[in-house]
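The values are calculated or read from the model by the stated rules, or taken from the named source; none is laboratory data. Given the structure is predicted, the values throughout are model-derived calculations rather than measurements. Reconstructed Cβ throughout: ideal geometry from the backbone, glycine too, with neighbour counts over all protein chains shown. Heavy atoms of the whole protein, side chains included, go into the accessibility calculation; ligands, DNA and RNA do not. Shrake-Rupley method; radii C 1.70, N 1.55, O 1.52, S 1.80 Å.
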Amino acid sequence: MLVRRCGFVVPSLADRTFVRGLRRATPGTTDLAEHRQRLKKELIALDKAAEDKQGRGFAFERFLNDMFTVFELKPKSSFKLVGEQIDGSIELTSHTYLIEARWRKAQATGPDLGEFYWKVDGKAIWSRGLFISYGGFSADGLTAFGKGRATNLIGMDAQDLYYVLEGKIGLKELIEEKARVAAENGGCFVPVHQLVIV
């Protein structure tokens, strides 16, 4: 051991049991697994909660903010601008994503996507949008939204969230892959099970 060769005596480093414990520990692994389990329980509880629609929407925003914090995406809580509200923002690989969080069992429609598109489009040209619709997106809505316009959005649904919380894919990796698919084919939403990396 280098410390011993230098002649320094650090009592804890001389304790073989302590040193063996350091070798076994994998920083962050247990913590992330515990956070995933906790978040998964919270999401299931939120799904079963009998709160009013608006209350559940705010609870969903808080849940997402907590999830973004766990996955080190530097979240910012919801904020209001003149005439509009943004449900938050995150930062990933030097890109800022504005967040739209929808807690509805019904699928998001073309007008829902269009409304958020214009919110994002009205910001800096490098802004991106992450539309998280718990109920998913209607096929007709995706088709209508995709006609004749470049997208600045990517979509996530409940299945995406559960894949992340079950440890099947990292949240950063999922967002990056969805952004890549959107850049390559112009579609704002692809189900997580169709991504090549899963």
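Data for the structure
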| read-out | value |
| --- | --- |
| Subset tally (residues that are assigned to a loop (DSSP other than H, G, I, E, B), among the small types (Gly, Ala, Ser) and either at negative phi or open to solvent by less than 80 Å² (accessible area, probe 1.4 Å) (or both)) for segment 144-198 | 5 |
| Pair list, Cβ under 6 Å, 6 or more apart: segment 82-111 residue farther than 15 Å from ALA124 by Cβ, other residue open to solvent by 50 Å² or more (accessible area, probe 1.4 Å) and in a loop (DSSP other than H, G, I, E, B) | ASP87/SER78; GLY88/SER77; GLY88/SER78 |
| Qualifying residues in segment 86-110 (those that are of a type in the set (Val, Ile, Thr) and in contact with a helix residue (DSSP H, G or I) (Cβ under 9 Å, 6 or more places away or on another chain)) - the one surrounded by the most Cβ atoms within 10 Å (Cβ to Cβ) | ILE90 |
| Subset of segment 122-143 (residues that are surrounded by 15 or more Cβ atoms within 10 Å (Cβ to Cβ) and without any contact (Cβ under 8 Å) to a residue 40 or more places away in the chain) | LYS123, SER127, GLY129, SER133, GLY136, SER138, GLY141 |
| Qualifying residue in segment 46-53 (condition: under 17 Å from GLN159 (Cα atoms), part of a helix (DSSP H, G or I) and under 14 Å from the mean Cα position of the chain (by Cα)) | no |
| Qualifying residue in segment 12-32 (condition: outside any loop (DSSP other than H, G, I, E, B), modelled with pLDDT of 85 or more and under 30 Å from LEU92 (Cα atoms)) | yes |
| Some residue of segment 40-48 being of a type in the set (Lys, Arg), surrounded by 12 or more Cβ atoms within 10 Å (Cβ to Cβ) and free of Cβ contacts under 8 Å to residues at least 60 places away in the same chain | no |
